[in-house]
1. If V65 meets every condition in (1) open to solvent by 60 Å² or more (accessible area, probe 1.4 Å); (2) in a helix (DSSP H, G or I) apart from one, which number is that one?
2. Any chance the stretch 248-265 includes a residue that's touching a Pro at 6+ places or on another chain (Cβ under 9 Å), of a type in the set (K, R) and modelled with pLDDT of 95 or more?
3. Listed residues D115, D156, D93; which is within 24 Å of the chain's Cα centre (by Cα) and either more than 27 Å from S214 (Cα to Cα) or acidic (D, E) (or both)?
4. For the stretch 24-43, does any single residue satisfy the condition of being among the small types (G, A, S), open to solvent by 50 Å² or more (accessible area, probe 1.4 Å), at pLDDT below 95 and closer than 25 Å to K348 by Cα?
5. If I go through the stretch 44-55 residue by residue, how many of them are open to solvent by less than 80 Å² (accessible area, probe 1.4 Å) and at positive phi?
6. Please count how many residues of the stretch 100-130 are under 14 Å from D88 (Cα atoms) and of a type in the set (K, R).
7. Looking at E68, is it closer than 21 Å to A339 by Cβ and more than 22 Å from the chain's Cα centre (by Cα)?
8. With the condition kept exactly as written, say whether any residue in the stretch 81-93 is open to solvent by 50 Å² or more (accessible area, probe 1.4 Å), of a type in the set (D, E) and out of contact with any Asp or Glu (no Cβ under 9 Å at 6 or more places or on another chain).
Amino acid sequence: MLFSRGSKSTIGLDIGANSIKLVKLNHSRGGYEVGAMAIRELPPEAIVSDEIRDREAVIFNIQSVMDECDPRAKDVVVSLSGHALITDKLIIDKKSGSEAEQAILFEAEQRSPFDVEDVALDHHVIRINEETNKMEVLLVAARKEFLESFLGLVSDCGLNPVAVDTDAFAIHNAYVNNYEIDPNRTTALVNIGHDVTNVLYLFDGHYHSTRDISVGTRSIFNAVQQEFRLNHELTNRAIQGQMEGSIDQDMLKATIVSAGEDIINGLELAFNYFKSQAKTEAIDWMVLSGGGALFPYLPEFLQSKLQIPLEICNPLRNVEYDPERFEGMEPEKIAPLLAVPVGMAMRKVR
């Protein structure tokens, strides 16, 4: 992650398992304005659980969104998530410069399940407690093999990845730039993607931790497709509410709810682990983003089963855009899907 001053606009390129999403934000002292946005759905199975199975299709769709939004642009911010990424929070004695670097590297060697020679490390100081002379440090480690392969894909598209974010921290960035954080409320930011669900916790008004869950909406999509014997296109239409007169809505709800149990189980395990680590009894609020936020019946099902009040995230809440220019995309409806690229595009990069 890079936080330096620089260009007046940033492009966030979200390479998801189901679609490529791009948001270009123009930066000004007054805030942010959408300069461009585009979404391209990928062929089924083009990317599965971080594995790129149809490289040509992925490159073609990345180049398509770039050509549509800004053909001359080369610099993009990209993000990672999933099993090849590890995040951890360290509490160490307050240090600075090379002394801090050495202390963080030492801690990383003790904690990482990977050999430190095989990972790319980055860190960010979350906060410093002057009373205890301690500082909280966020540590991010990505397997070099996976990172190099991913960046190679971006480079093969003719693009320059100027910063590498994580999905969870991009969502966090989108949230803090659009909402007030209540220090008295424990909040879980939940981004349900096609194969991975990212969870980031806010506790005592600050970042606490993240967790990636290896389950998303793919299983729900497949269940709907099988139950109603639809092709890929018609399944998309059914999930988008465009076939209400053609398929039984009670059966659609039952199918989504049944297939959504895996997401519930993953979230329950993640929430219980967080509560034990944070020594808190409850999560007070849940903010939902990603494609899962747009699935019919799923948000209500999550709220009912988890017994946590839920809000649908709008990462464009404090972002200006021309409704007429993007009328065909209906940004107000698809906004939850754009949380990751918006959060990335809010970064100021060199």
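The values are calculated or read from the model by the stated rules, or taken from the named source; none is laboratory data. Predicted, not measured: the structure shown is a model, and the values here were computed from it. Cβ: placed from backbone, ideal geometry, glycine included. Neighbour counts: every protein chain shown. We work out accessible area using only protein heavy atoms, side chains counted, and drop any ligands, DNA or RNA first. Shrake-Rupley method; radii C 1.70, N 1.55, O 1.52, S 1.80 Å.
1. So V65 meets the others, but not (1).
2. Within the stretch 248-265, one or more residues are touching a Pro at 6+ places or on another chain (Cβ under 9 Å), of a type in the set (K, R) and modelled with pLDDT of 95 or more.
3. D156
4. The answer is yes, given that some residue of the stretch 24-43 is among the small types (G, A, S), open to solvent by 50 Å² or more (accessible area, probe 1.4 Å), at pLDDT below 95 and closer than 25 Å to K348 by Cα.
5. Total satisfying the criteria: 2.
6. Summing the residues that are under 14 Å from D88 (Cα atoms) and of a type in the set (K, R) in the stretch 100-130 gives 1.
7. For E68, the condition - closer than 21 Å to A339 by Cβ and more than 22 Å from the chain's Cα centre (by Cα) - is met.
8. Checked against the condition, which is being open to solvent by 50 Å² or more (accessible area, probe 1.4 Å), of a type in the set (D, E) and out of contact with any Asp or Glu (no Cβ under 9 Å at 6 or more places or on another chain), the stretch 81-93 yields at least one hit.
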